[in-house]
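First the structure, in the form of structure tokens, and then the observations on it.
The values are calculated or read from the model by the stated rules, or taken from the named source; none is laboratory data. Values in this document were obtained by computation on a predicted structure and should not be read as measured data. Methodologically, a virtual Cβ is constructed for each residue, glycine included, from the backbone with ideal geometry; neighbour enumeration extends over all protein chains shown. When the accessible area is computed, the model is the full protein with side chains, heavy atoms only, and any ligands, DNA or RNA have been set aside. Shrake-Rupley method; radii C 1.70, N 1.55, O 1.52, S 1.80 Å.
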Amino acid sequence: MFYIIDLKSLEILLKGLSDFIDGKSRLLKEKHRKNATVFHYYQEIVRNWNKLNFIINKTTRSLKTKVDLDSHLKAHLYYSTYRIFQEKVPIRIIIQELKPSDKLLELLKKLTSFSWSRALEGKSFNESLSLEEAIPTFFIERLTPVFSKEFLIETIKSMNYTPTSLDVSFRINDLRFKNDRNTTCKFIIDDLRKEGIKSHQDKEVPFIYYTKNEFKSKLLSSEWYKKGYIILHDKASFLISQLLLPKSNELICDMCAAPGIKTSIIAQLSNNESKLIACEFNFKRLMQLKKLLKKLAVSNSFLLNVDSTIINNYFHNSFDKILIDAPCTGSGTFLNHPELKWRQNYEFLNQNLLLQSKMIESSLKLLKPGGILVYVTCSLYPEEGENQIKNILDYVDPLDLPHYFSPSYKIDGEPLKGTGRLFPSIHNTQGFFVSKLKKK
Ligand SMILES: C[S@@+](CC[C@H](N)C(=O)[O-])C[C@H]1O[C@@H](n2cnc3c(N)ncnc32)[C@H](O)[C@@H]1O
């Protein structure tokens, strides 16, 4: 039995792929993301882009006459190549679905002559890994100095499509509760179960629950979600926000706040009693932040539409605690954001490195002496993590991290104190660098 995609979904998918090819859009339009079939195929085709591209190029190059491929035809080819090579769907099913033109039919037939063993002959380890696992060589090169070969492969595989990626995690937001916390949590979980959404609680974080991907759309249409009692996000966001240990009346700055997941967790952890300044540079994202905080009943935040690299011009030695959830390459998030794989290069890395170091510099001026800095990035590259912190060790003292973080990469033969990591293959979260430091 092979899955047959309906005609309407196929049209939307091919248009989305064609826009991706033309560079018009890296993401599927919001309204189409709700169509599970379109979303699934779009994500998986983009996830495997270099691999599919390689097969298509090899095949078209071997044709006797040169073919001119426009983005419309290319979209059909990426879709067919994904179905034939990843899903092992027979070509007759694809022909039945696509009703191809003569030109496309000729290409499809030619595709089936492709052989991986022949195509990879003479390629280096990095090139073969890059093609077989659909990962940029730039990523492999960055991580080869800090990972063993086995861990590199394990990490790459865990960010491709695996059974564990079928889990959806959500948090119960108790800021909306009027009654006892435990009773209300139990009531929500029981009620979701009655609606057919089975879930189980995380072992370390009592507010985090998991359900299967198949229940996601039901969860999103539940009243609990619509009214802000539950919110979908990665467990990593909770573990990171928890590092701040926010308390009543502490003045806390979230320097990169939108869309507001961590801001809302900080508010929940302090029961809305800490004082939060949430900064965001991008106005559209600031509006998303505002909407989310309202929905989740966060009432302790003051929002600022500012460039956080220069807010030290307005505040000095003011904050008890600061969170920098810095803009980064997102190299730890390929499971959820496969499109980011194909943006990885030196230019993108260097842009982020500059922004990160300016933010760290600004945060050191904003913090009170003895204040706490939590700097994190959802990147696996040492440049955006350990190397950034190594540069400021004269100004900060490292603080201990909870046991559930893995040690950081080694710097001069030792993990760097006050820093750690979350890995997709170990923690079942997005990949993160985390650090907790005290201003001297
Ligand atoms: C990794 S995201 C933050 C995610 C957020 N902390 C959360 O948990 O939902 C980084 C954010 O920093 C913002 N940003 C980038 N440059 C900035 C700057 N110079 N000043 C303030 N915010 C900036 C981006 O627009 C983006 O929203």
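For the reader, a short list of remarks on this structure follows.
- Qualifying residue in segment 180-200 (condition: free of Cβ contacts under 8 Å to residues at least 12 places away in the same chain and in a strand (DSSP E or B)): yes
- Where strands (runs of 3 or more DSSP E) fall wholly inside segment 330-435, the ranges with 2 or more residues that are closer than 25 Å to Ile252 by Cβ, outside the structural domain of Leu27 (by TED's automatic domain parsing) and open to solvent by 10 Å² or more (accessible area, probe 1.4 Å) are 367-377, 396-398.
- The condition of being under 30 Å from Lys212 (Cβ atoms), of a type in the set (Gly, Ala, Ser), within 30 Å of the chain's Cα centre (by Cα) and not in a loop (DSSP other than H, G, I, E, B) holds for Ser80.
- Residues in segment 97-146 that are in a loop (DSSP other than H, G, I, E, B) and small (Gly, Ala, Ser): 6 in all.
Results for (1) β-branched (Val, Ile, Thr); (2) within 16 Å of the ligand (Cβ to nearest atom); (3) in contact with an Asp or Glu (Cβ under 9 Å, 6 or more places away or on another chain), shown as yes or no for each residue.
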position: Ile372; (1), (2), (3): yes, no, yes
position: Glu383; (1), (2), (3): no, no, no
position: Glu386; (1), (2), (3): no, no, no
position: Pro398; (1), (2), (3): no, no, no
position: Asp412; (1), (2), (3): no, no, no
position: Asn428; (1), (2), (3): no, no, yes
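- Test for Lys218: is it more than 24 Å from the chain's Cα centre (by Cα) and closer than 27 Å to His200 by Cβ: no
- Selection status of Lys88, at pLDDT below 90 and either outside the structural domain of Thr333 (by TED's automatic domain parsing) or of a type in the set (Ser, Thr, Tyr) (or both): no
- None of Thr37, Thr60 is closer than 24 Å to Thr112 by Cα, in the same structural domain as Thr81 (by TED's automatic domain parsing) and outside any loop (DSSP other than H, G, I, E, B) except Thr60.
- Options Gly418, Gly385: the member that is without any contact (Cβ under 8 Å) to a residue 40 or more places away in the chain and not basic (Lys, Arg): Gly418
- Selection of first residues in segment 296-312 that are at negative phi and assigned by TED's automatic domain parsing to the domain that holds Ile322 and of second residues that are aromatic (Phe, Trp, Tyr) and not in a helix (DSSP H, G or I), restricted to Cβ pairs under 8 Å at least 6 apart or on distinct chains, gives the following pairs, ordered by first then second residue: Asn305/Phe281; Val306/Phe281; Asp307/Phe281; Ser308/Phe281.
- Considered as a group, the residues in segment 243-264 that are out of contact with any helix residue (DSSP H, G or I) (no Cβ under 6 Å at 6 or more places or on another chain) and at positive phi include one that is farthest from the ligand (Cβ to nearest atom), and that residue is Asn249.
- The single condition from (1) within 16 Å of the ligand (Cβ to nearest atom); (2) open to solvent by 30 Å² or more (accessible area, probe 1.4 Å) that Ser217 fails is (1).
- Of all the listed residues (Lys235, Lys321), the sole one being closer than 30 Å to Ala134 by Cβ and more than 10 Å from the ligand (Cβ to nearest atom) is Lys235.
- Of all the listed residues (Ile4, Ile55, Ile94), the sole one being surrounded by 20 or more Cβ atoms within 10 Å (Cβ to Cβ) and either over 29 Å from the mean Cα position of the chain (by Cα) or assigned to a loop (DSSP other than H, G, I, E, B) (or both) is Ile94.
- Positions within segment 138-176 being free of Cβ contacts under 8 Å to residues at least 40 places away in the same chain, more than 19 Å from the chain's Cα centre (by Cα) and over 15 Å from Leu380 (Cβ atoms), in sequence order: Lys149, Glu150
- Selection from segment 297-318 of residues that are away from the ligand (no atom under 12 Å from the Cβ), assigned to a loop (DSSP other than H, G, I, E, B) and open to solvent by less than 50 Å² (accessible area, probe 1.4 Å): Ala297, Val298, Asn300, Ser318
- Search result, residues across segment 274-291 that are in a loop (DSSP other than H, G, I, E, B) and within 13 Å of the ligand (Cβ to nearest atom): Glu280, Phe281, Asn282
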